[in-house]
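Following: one structure in C-alpha cells, then a few remarks.
The values are calculated or read from the model by the stated rules, or taken from the named source; none is laboratory data. Since this is a predicted model, take the numbers as computed values, not measurements. Here the Cβ positions follow ideal geometry from the backbone for every residue, glycine too, while neighbour counts run over all protein chains shown.
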Amino acid sequence: MNNAKINIHFLGAAGTVTGSKYLVDTGERKILIDCGLFQGLKELRLKNWEYPPVDVSEIDAVLLTHGHMDHTGYLPRLVKQGFKGAIFGTNPTLDIAKIILNDSAKIQEQEAERANKEGYSKHSPAEPLYTLNDVEKTVPRFKGIPPSQWLPILKDVKARFQYNGHILGATYIELDIHGKHFVFSGDIGRTNDLLLYPPLKPTKADVLFIESTYGGRFHPEEEEAIPQIEKLVNDTINKGGSLFVPSFSVERAQLMMLIFWRLLKEDKIPKVQMIMDSPMGANVLELFHRTRDWHRLEDNECDEMCSHFKVVSSYRETMELRTDNKPKIVIAGSGMLTGGRMLNYLETQAQNPNNTLLFVGYQAEGTRGRKLLEGDKELKVYGKWVPFKMQVAEIEGLSAHADHKELMNWMSEIRNKPKRIFIVHGEKESAEALQKGIKETYDWDAEIPELYTITEIE
C-alpha cells in the first residue's frame, strides 16, 4: 500500500488567501481539509455559487483546522450538494463554526430580503448562498476531536489535531496515510499573543501545506500596538467623534474588548459608551468561559471586561445606535467589511470626518476594507454609494496571523526534509516571499499551486 499514489486537489486558498479547501484522494478515500468560503474579489466570490470540480457525494470526511469563515463557510453548500460524511474538528472549532454559519445564513437571508425589497440586486429574486435551514442540516454532521491524539478517522487514515494559536480551537492537522506524513498548517497564530498560547510546532512532514498570509511582512508586538490605540481613542473622542472597529467576531473582537477595558481601567482613555455589536461575538464570549484550556483569560477578567460593554444582539438596536452621534467605541463585524453590522453604522457615520475607522486584522484583496485602506473615498453599502470622509487607521501588530519570522520559526523543528512543500493561503507577493525565505533558511524547495490544479504525491 505504501506505493499507492495520492492526488491533491487545490479547491481553494491556492494563489489567493480565501476559500481554503484541499481534497486528499488516496484512491480509496477522499478527505477534504477545510471547507471555506471565497471572500474579497468578485471573481472569487462567484466561485461560491459554482459546483466544485469534484464529485461532492464521494467525499468521505471533512477535517477543519479552525472555525473562521474562509475555512468553514462553504459547509452548508457542501451538504446541500450531496456530502454525507462526518465533519471533524476540535470542540471549540465546531462551536465557533456553528455560531458563524448560523450568523452568516441569517445575514444572507436578511440581505437577500432587503435587496429584493429595495431592488438593488442584479438577480431577481436575490437569494442567499445558503439558509438557516441548510445550516440545520449541516451541524448534525459535526464530530468533536480531542487535540494532540492520533485517531483513526477512516480506514487506513489517522489524524492528529495540534494547538495552533490564532483563534479558540485552532489547530494544524497531521494525517498519516499509507505511512506518509501530511501536515496542513491551517492559520498559524502569533508567538506572543495577549489572549492565546504560542502555537505548537510539527516535528515531521513528508508533505507540508503552509499558509503565507503575511509572507515577507513583519508585525510589531501586540504590546507595542496598545499605546497607538490609546492615542487613537483619545484623539477621536476629543474631536467629538466615535471609533469604529470592524472586527472578526472570534478572538479579535474579544482581544479589542480586553485592550479597551484595560485602557479604561488604567484611566488612559475617557469613559464613553463601549459597544460590541455582534450576536456572534456575544456567543463567543460564552465560549471563552467554557474553554479555559485554550486561552490565557481568567474567568473574573472575562466577567469584568464584559460588564463594561453594551453587547448588542438585536438588529433594531443596531438601527437605533447607528444614528446616535455621541462619542463611543463600536466593535462590530465583519472584519473586512464584506458584510455584517458595521456596514449599518458606516451607512450613517461615514460622512463624519471626526469619526475614525480602525482596521486591526487582515484585509483581503477586493474587500471594502482593503479599498478604504487604499484610499477609496466612496463606500458601496446596500446598493448605494456613500461618501466616505472618516479617518482611516490600521494597526498591524494585532493580527491573529503569524508574520514572516513566525512562519519560518514554526517549521524550525521539522527534523526531516519534506518531499513536497505547498505554499497556500496567501496573495502572490506573500507566497513568493515565503518561498524565497524557505529556500534561504532551510534549503527546501517549495511550490505555489494554482487554483483547481491536481498534484500527484508518490
(request) Would you mention how many residues in the stretch 112-133 are in a loop (DSSP other than H, G, I, E, B) and over 18 Å from Lys80 (Cα atoms)? (result) 8
(request) For the stretch 303-312, state whether one or more residues are β-branched (Val, Ile, Thr) and under 23 Å from Gly165 (Cβ atoms). (result) no
(message) Checking the structure you have, find out if any residue of the stretch 433-446 is of a type outside the set (Gly, Ala, Ser), in a loop (DSSP other than H, G, I, E, B) and closer than 20 Å to Val24 by Cβ.
(response) no
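Listed here are the residues, each with its yes/no results for (1) at pLDDT 95 or above; (2) under 30 Å from Glu28 (Cβ atoms); (3) hydroxyl-bearing (Ser, Thr, Tyr).
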site	(1), (2), (3)
Gly169	yes, yes, no
Tyr172	yes, yes, yes
Val183	yes, yes, no
Asp193	no, no, no
Ala205	yes, yes, no
Thr213	yes, no, yes
Gly216	yes, no, no
Lys239	yes, no, no
Val245	yes, no, no
(request) Only residues that are at pLDDT 95 or above and either of a type in the set (Val, Ile, Thr) or in contact with a strand residue (DSSP E or B) (Cβ under 6 Å, 6 or more places away or on another chain) (or both): list them for the stretch 37-64, please. (result) Val54, Val56, Glu58, Ile59, Asp60, Ala61, Val62, Leu63, Leu64
(message) Anything in the stretch 285-298 that is crowded, with 18+ Cβ neighbours inside 10 Å and under 11 Å from Val311 (Cβ atoms)? List them, or say none.
(response) Leu285
(request) Look through Lys21, Lys30, Lys47, Lys80 and report the one residue that is surrounded by fewer than 22 Cβ atoms within 10 Å (Cβ to Cβ), touching a Leu at 6+ places or on another chain (Cβ under 7 Å) and touching a residue at least 12 places away in the same chain (Cβ under 8 Å). (result) Lys30
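Tell me the residue from Glu429, Glu456, Glu450, Glu406 that is part of a loop (DSSP other than H, G, I, E, B) and either under 29 Å from Thr367 (Cβ atoms) or in contact (Cβ under 8 Å) with a residue 24 or more places away in the chain (or both), please.
Only one candidate passes the filter, namely Glu450.
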(request) Please enumerate the residues belonging to the stretch 56-75 that are within 25 Å of Ile188 (Cα to Cα) and either touching a helix residue (DSSP H, G or I) at 6+ places or on another chain (Cβ under 8 Å) or not assigned by TED's automatic domain parsing to the domain that holds Tyr172 (or both). (result) Val62, Leu64, Thr65, His66, Gly67, His68, Met69, Thr72, Gly73, Tyr74, Leu75
(message) I'd like to check something: does the stretch 280-293 contain any residue that is in contact with a helix residue (DSSP H, G or I) (Cβ under 7 Å, 6 or more places away or on another chain) and either modelled with pLDDT of 95 or more or farther than 21 Å from Pro92 by Cβ (or both)?
(response) no
(message) Just to confirm my filter: which helices (runs of 4 or more DSSP H) fall fully inside the stretch 303-400 and include at least 1 residues that are surrounded by 14 or more Cβ atoms within 10 Å (Cβ to Cβ) and in the same structural domain as Leu129 (by TED's automatic domain parsing)?
(response) none
(request) Could you list all residues from the stretch 33-44 that are touching a residue at least 40 places away in the same chain (Cβ under 8 Å) and out of contact with any Phe, Trp or Tyr (no Cβ under 6 Å at 6 or more places or on another chain)? (result) Asp34, Gln39, Gly40, Leu41, Lys42
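For (1) farther than 25 Å from Ile96 by Cα; (2) without any contact (Cβ under 8 Å) to a residue 40 or more places away in the chain, each residue gets a yes or a no:
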| site | (1), (2) |
| --- | --- |
| Met305 | no, no |
| His308 | no, no |
| Met319 | yes, yes |
| Ser334 | no, no |
| Glu347 | yes, yes |
| Phe359 | no, no |
| Gly369 | no, no |
| Gly383 | yes, no |
